[in-house]
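These notes are about the structure you will find just below.
The values are calculated or read from the model by the stated rules, or taken from the named source; none is laboratory data. These numbers were taken from a predicted model, which means no experiment stands behind them. Every residue, glycine as well, gets a Cβ built from its backbone with ideal geometry; the counts of neighbours run over all protein chains shown.
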Amino acid sequence: MKNILLVEDEKGIARMIAVQLNLVGFHVITVSDLAGALATDLSDIELIILDWMLPDGCGPEIIPRLRQKKELPILMLTARSELVDKLTGFEAGADDYLTKPFDMMELIARIKALLRRQSTAPAPSAESDRVLRFETLTLNTDTRRVCVGDQTVNLTPTEFKILKLLMEHTGKVFSRDELIHSVLGYDYEGYGRTLDSHIARLRNKINCDDSTGHYIKTVFGVGYRLGDEA
Ligand code: CA
C-alpha cells in the first residue's frame, strides 16, 4: 500500500479524503498544520497532498523544505480559484493543484497520474553517468543533477522531465499537447496553462546567467523548442 501524507486542517475533508483513498489502496497519514508536515518522516511517503491555508501559515511556504527532505510529487489543494494563487503554487514547486470543492474521482485520477510520472522516471543505472549538454546546461540523467555552468539548479520532478525531453531532442519543436502528454501524463487539452507555468519557472531557473534570451524558445501557436531550429 502506498503512503500519502495529507496536510489538511479541515477535519471533515481530511477524513473524507483518507477514507476514499483507502478504498482505492492508499494509506493516508494526516497532519493538520505546517509544523506537523515538517515533523513527518517522509522516507515511506510517496506523495504529499498539501492544503493552501493552514493554521500556522500557507502550504507553499514549506514546499522547498519538504523537497529538501525528499523529492516527492506535491499536489496543492486550494479553496481559492484565482490563477495568481495557482501560479504562486507552481513557483513554490507544486506539481499539480486542485481547487476546492473537488470531485473525489478527480483527486484520485490526479494522484495516480502523479505517481505514474514518478514511477516512469528512469531508474538509476549502474552504468557510467549519462550527461546531456546544451550550451552551458548539463543534465545528468542518473544523478538527476542539473547545472547552468557550474551552478547547480534545483528543479522539481516536472521541470526536470520537461528539460530532459527538450535536451534529448535539441531543436525539435514540441507541441504543448505532446509535452503535456509525455511530461504531465494527461490526455486533456485543458492543461495548456499548467504547462506554461511549469515552462515559465523552468526558464527562470536555467537562464540565470544568460543575457541573450531564453534557451527554451516559444514557437508561436505551436509549442516549445530548446535552442535554434533543427
Ligand atoms: Ca485549510
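Scanning for something modelled with pLDDT under 95, within 13 Å of the ligand (Cβ to nearest atom), surrounded by 20 or more Cβ atoms within 10 Å (Cβ to Cβ) and charged (D, E, K, R), does region 87-96 turn up at least one residue? Outline the logic, then answer.
Restricting attention to region 87-96, the residues satisfying the condition of being modelled with pLDDT under 95 are 87-96.
With within 13 Å of the ligand (Cβ to nearest atom) added as a condition, the list becomes none.
No, region 87-96 contains no residue that is modelled with pLDDT under 95, within 13 Å of the ligand (Cβ to nearest atom), surrounded by 20 or more Cβ atoms within 10 Å (Cβ to Cβ) and charged (D, E, K, R).
Do you know which residues across region 1-19 are in contact with a helix residue (DSSP H, G or I) (Cβ under 8 Å, 6 or more places away or on another chain) and within 25 Å of S43 (Cβ to Cβ)? Explain how you work it out, then say what you get.
Taking region 1-19 and keeping what is in contact with a helix residue (DSSP H, G or I) (Cβ under 8 Å, 6 or more places away or on another chain), we get 2, 4-8, 16-17.
Selection gives K2, I4, L5, L6, V7, E8, I17.
Any idea which of (1) out of contact with any Ser or Thr (no Cβ under 9 Å at 6 or more places or on another chain); (2) more than 14 Å from M76 (Cβ to Cβ); (3) hydrophobic (A, V, I, L, M, F, W, C) is the one I29 doesn't satisfy?
Only one criterion in (1) out of contact with any Ser or Thr (no Cβ under 9 Å at 6 or more places or on another chain); (2) more than 14 Å from M76 (Cβ to Cβ); (3) hydrophobic (A, V, I, L, M, F, W, C) is unmet by I29, namely (1).
Residue check: is V131 surrounded by 12 or more Cβ atoms within 10 Å (Cβ to Cβ), modelled with pLDDT of 85 or more and over 21 Å from the mean Cα position of the chain (by Cα)?
On the way: surrounded by 12 or more Cβ atoms within 10 Å (Cβ to Cβ): yes; modelled with pLDDT of 85 or more: yes; over 21 Å from the mean Cα position of the chain (by Cα): yes.
Yes, satisfied.
Could you list, in sequence order, all residues of region 10-28 that are out of contact with any Lys or Arg (no Cβ under 9 Å at 6 or more places or on another chain) and either closer than 14 Å to I48 by Cβ or surrounded by 17 or more Cβ atoms within 10 Å (Cβ to Cβ) (or both)?
Answer for region 10-28, where residues must be out of contact with any Lys or Arg (no Cβ under 9 Å at 6 or more places or on another chain) and either closer than 14 Å to I48 by Cβ or surrounded by 17 or more Cβ atoms within 10 Å (Cβ to Cβ) (or both): A14, I17, A18, L21, V28.
Could you tell me which residue of region 47-80 is farthest from the ligand (Cβ to nearest atom), considering only residues that are surrounded by fewer than 19 Cβ atoms within 10 Å (Cβ to Cβ) and under 23 Å from D103 (Cβ atoms)?
R80
Tally time: how many residues in region 152-175 are closer than 19 Å to R110 by Cβ and touching a helix residue (DSSP H, G or I) at 6+ places or on another chain (Cβ under 6 Å)?
4
Any idea which residue in region 1-44 is nearest to the ligand (Cβ to nearest atom), counting only those that are free of Cβ contacts under 8 Å to residues at least 24 places away in the same chain and small (G, A, S)? Working first, answer last.
Quick first cut of region 1-44, residues free of Cβ contacts under 8 Å to residues at least 24 places away in the same chain only: 11-12, 14-15, 18-19, 22-23, 35, 39, 41.
Then drop every residue that is not small (G, A, S), which leaves 12, 14, 18, 35, 39.
On the way: G12: 11, A14: 9, A18: 15, A35: 14, A39: 18 Å.
Step by step, filter region 1-44, then rank; the result is A14.
Considering each residue of region 140-172, count those that are in contact with a Pro (Cβ under 7 Å, 6 or more places away or on another chain) and not β-branched (V, I, T), and give that number.
Taking region 140-172 as the starting set, the residues that turn out to be in contact with a Pro (Cβ under 7 Å, 6 or more places away or on another chain) are 141-142, 157.
Pick out the ones that are also not β-branched (V, I, T) and you get 142, 157.
The number of residues fulfilling the criteria is 2.
Select from region 34-46 the residues that are buried (at least 18 other Cβ atoms within 10 Å of the Cβ) and more than 22 Å from Q118 (Cα to Cα) and list them in ascending order.
Residue satisfying the conditions is L34 alone.
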